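Note sheet for the following structure.
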Amino acid sequence: MTYCEPRASESIDGGTLSDAFADAVPESECWSLLGSTSIGRLSPWAGDVPLIIPVQFHVDGRSIAVCFSQYDQDVRPLNGAMVVFAADAVDFWSNHGWTVQVHGIVRIPDPTEPWRDCGQPAAGTILRIDQATFSGVRFGFCSFMSSLNYLLAMRR
């Protein structure tokens, strides 16, 4: 049984197999997709190692406001740093979804700006991701998980 096949309506002639599973999303739609969810992943560097941190966020105009309240960490070293941010959503019934990756520069808002902190007792800082470049795709997963679940159920 083949688990991953291109969608029947798409050809892979002249392209790669991955082309049959993903459609690029323009930047304007990336902003819209990001605005439809509130959980993402921020990836700053800690020394020589990238971290992947789940965060709450909000799209505010052409900036992404990221709440860092759940982390007891000094965020000042992140000011001016290049980071990668990602958010996505998947409809597991249709096996389709989207993902948006953002490369941008972290800015810690000054005290006069709105969205400075999240109002938590720890007064967590809101970081902003500005000067961003985007890459986004809509994709269709293969039926791997459905097939795997079927095979596992047959073993019982």
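Quick notes on this one:
- Test: residue in the stretch 100-111 that is in contact with a His (Cβ under 9 Å, 6 or more places away or on another chain), free of Cβ contacts under 8 Å to residues at least 40 places away in the same chain and over 27 Å from F144 (Cα atoms): no
- All positions within the stretch 43-80 that are outside any strand (DSSP E or B) and within 18 Å of the chain's Cα centre (by Cα): P44, L51, I52, G61, R62, F68
- Of all residues in the stretch 44-59, those satisfying the criterion of being of a type outside the set (A, V, I, L, M, F, W, C) and at pLDDT 90 or above are P54, Q56, H58.
The values are calculated or read from the model by the stated rules, or taken from the named source; none is laboratory data. None of the values given here were measured: they were computed from a predicted structure. Neighbour counts run over all protein chains shown; Cβ positions are idealised from the backbone, glycine included.
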